[in-house]
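Chemist: Before I ask anything, let me first share the structure, which is written out below as structure tokens.
The values are calculated or read from the model by the stated rules, or taken from the named source; none is laboratory data. A quick note: this is a predicted structure, and the numbers were derived from the prediction, not measured. A quick note on method: Cβ atoms are made from the backbone with ideal geometry, for glycine too, and the neighbour counts reach across all protein chains shown.
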Amino acid sequence: MKISGMTLLALVLSAPAFAQEEPPAEVVPVEEAPAETPPDAAPAEAAPADAPSEVAATEEAPAEEGAGEPWHLYFGADYVTNTVSVSVPQTAPSADFDSKMLRLRVGKRILDAVGLEFHYGIDQSDEKAGEIKTDTYYGLFLVPTATLFETVELAFPVGFARSEFGDGSGDSLDSVAYGVDAELPLTVFGDLPDIRLTAGGMVYYQKSDARVYGANLGLRYDFDVNGFGNPFAGLGHWIGGLFGGDDEPAPAEPAQ
């Protein structure tokens, strides 16, 4: 009985110690360790800090030196019928004459909506009563433009013109000249080259001694020139297509 009492007393005294023991911690699975590098494997070399990135490597190569935007040029030819009203002396009643010419013009876009244009005239008058020859005509113009209905282009040439007529006076008529043209691109009717039908009128000279004004009808061809390229390449490509020249070439046979 004495031993049993001593044993019971020991159990009572050790109960608080058992009560303070914490439950065993939950076992967390350990991730698999990476495979060990073989001892004979060479260590990977670190990329240098100044190495170019892949994005930089894919950048486009810089444009060739001297390459730039192509020049947008145009060439036009118009049939012009003019009225030449002369007052000599200036107090005398005016005498009106007719004159005709083929007006050639070449221009370049210097801004998106402004062109610089040069004119040259070639006489087309007949030997009829009331007609006089256009001995000389040339002019230089700035041509602001605007688009009507996103199709028709309106052009407003303003500049300086010089004319000489075969009226026997031998005088040249120099003055400010101005006018308006309406230009319809033929591309609105289908796959055609950049040719425009043009119509309009101009005042070539207007002073007290004389007045020259007329109407014109013609065509204009627009093209781009990049370096020494062919300005009529687009026109030739279209004409070639009319005769079956647009067929794709047969693929080359692979080398043996």
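Chemist: For the stretch 167-207, which positions are aliphatic (A, V, I, L, M), part of a strand (DSSP E or B) and either in contact with a helix residue (DSSP H, G or I) (Cβ under 8 Å, 6 or more places away or on another chain) or more than 26 Å from Asp224 (Cα to Cα) (or both)?
Modeler: Leu173, Val176, Ala177, Ile195, Leu197, Met202, Val203
Chemist: Tell me the residue from Pro185, Pro157 that is at pLDDT below 95 and over 20 Å from Val86 (Cβ atoms), please. Working first, answer last.
Modeler: On the way: Pro157 fails: at pLDDT below 95.
Answer to the selection: Pro185.
Chemist: Could you list all residues from the stretch 137-164 that are among the aromatic types (Phe, Trp, Tyr) and surrounded by 12 or more Cβ atoms within 10 Å (Cβ to Cβ)?
Modeler: Tyr137, Tyr138, Phe141, Phe156, Phe160
Chemist: In this structure, is Thr134 loosely packed, with under 15 Cβ neighbours inside 10 Å and either at pLDDT below 95 or not aliphatic (A, V, I, L, M) (or both)?
Modeler: Criteria not met by Thr134.
Chemist: What pairs come up if the first residue lies in the stretch 147-168 and is within 16 Å of Asp98 (Cβ to Cβ), the second is of a type outside the set (A, V, I, L, M) and outside any strand (DSSP E or B), and their beta carbons are under 7 Å apart, counting only those six or more places apart or on different chains?
Modeler: From residues that are within 16 Å of Asp98 (Cβ to Cβ), the pairs are Phe165/Lys133; Gly166/Lys133.
Chemist: Do any strands (runs of 3 or more DSSP E) entirely within the stretch 75-155 hold 2 or more residues that are more than 18 Å from Asp194 (Cβ to Cβ), and if so, which?
Modeler: Fully inside the stretch 75-155 and qualifying: 95-111, 114-123, 134-148.
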